[in-house]
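Taking it in order: structure first as structure tokens, then the write-up.
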């Protein structure tokens, strides 16, 4: 009881200093899943987003395990690469090699004791070997098979992601999906879920197909977890951010420490609110996530927190 009273007093004290944070938490309703290291800074960012309104806002989000769920009732969902690699439409050789590569490189990707610089060569190696596996398989994938895979995929958007994307569309807020996953499949999954909206752009790794619809090659440069800051600055994408110069405020969403720099391409960025989804290894990874993100959502498989922020930005600003 003493602990509960102490927590209640602490929350009441925070609410006086951070009314917008408190308002979002109340609307969200699950404050125990929200970790904020610097409340005053987060309040300042929210104040900037709300005061500037939706016309100054853009959204940048990762896809795998961010826009999509990490698990459903404890069963892990597939990534966009995983859908293709584990599909019955690909050869056993591709499947076996995908498992082997995942077992080798995924522990490196999530190792919080290694720097991004130390991880980068391993990530590049992972993607190159994965792409080589697809290209060396016989028969090669067909474009039509990607659509088929998306329909059968165990990739489920987070609860109320549809609401999020449709709210952004209605408010004319651009949304960039910046993914280290397979862009072809991401786009097809958006179509399957009826959220392939005109305000949504996807930057990711793409399969390229020849005139017969057969896999020919992969887009370059490779987009991996730790070079998203560089990927958005590539010549192919600078025009996107140039057109959004009047939108210096950003809501950024990711699930890895490599996602925190996804707003690097934003010109003259003002307020960048970074929201991280911590999906696994909670105690081990929480300190690093709290250092990197303004808000950390622990094992939250919904977009409810972000929708609560958008309600403030869109409706309180009008």
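No value in this document is a laboratory result; all are computed from the given coordinates. Here the structure is a predicted model, which means the values were calculated and not measured. Note that we place each Cβ from the backbone using ideal geometry, even for glycine, and neighbour counts take in every protein chain shown.
Annotations
- C-alpha long axis of helix 282-292 to longest principal axis of the chain, angle in °: 70 degrees
- Using alpha-carbon coordinates, inclination of helix 2-17 to the longest axis of the chain, degrees: 90 degrees
- A simple packing score, the average count of other Cβ atoms within 10 Å per residue, orders the peptides 205-213, 109-117 as 205-213, 109-117, with the highest score first.
- Volume in Å³ per residue [convex hull over Cα atoms, computed for the stretch 257-318]: 98 Å³
- Mean ellipticity per residue at 222 nm, deg cm²/dmol - from DSSP H runs of n ≥ 4 across the chain, formula -39500 (n - 2.57): -13500 deg cm²/dmol
- For P(r) over Cα pairs in 20 Å bins from 0, in percent, computed directly from the structure shown, the correct entry in (1) 29, 37, 23, 8, 3, 0; (2) 32, 57, 11, 0; (3) 32, 61, 7, 0 is (2).
- As a ratio to 2.2 N^0.38 Å, the alpha-carbon radius of gyration computed for the stretch 27-108 takes the value 1.66.
- Taken over the stretch 79-152, the alpha-carbon convex hull comes to 89 cubic angstrom per residue.
- Overall Cα dimensions of the stretch 193-318 - principal axes, largest extent first, Å: 48, 40, 31
- Relative to the longest principal axis of the Cα atoms of the chain, helix 183-192 runs at roughly 70 degrees.
- Alpha carbon convex hull of the stretch 102-200, projected area averaged over orientations, nm²: 8.5 nm²
- Note: relative contact order over the chain, using C-alpha pairs below 8 Å and six or more positions apart, is 27 percent.
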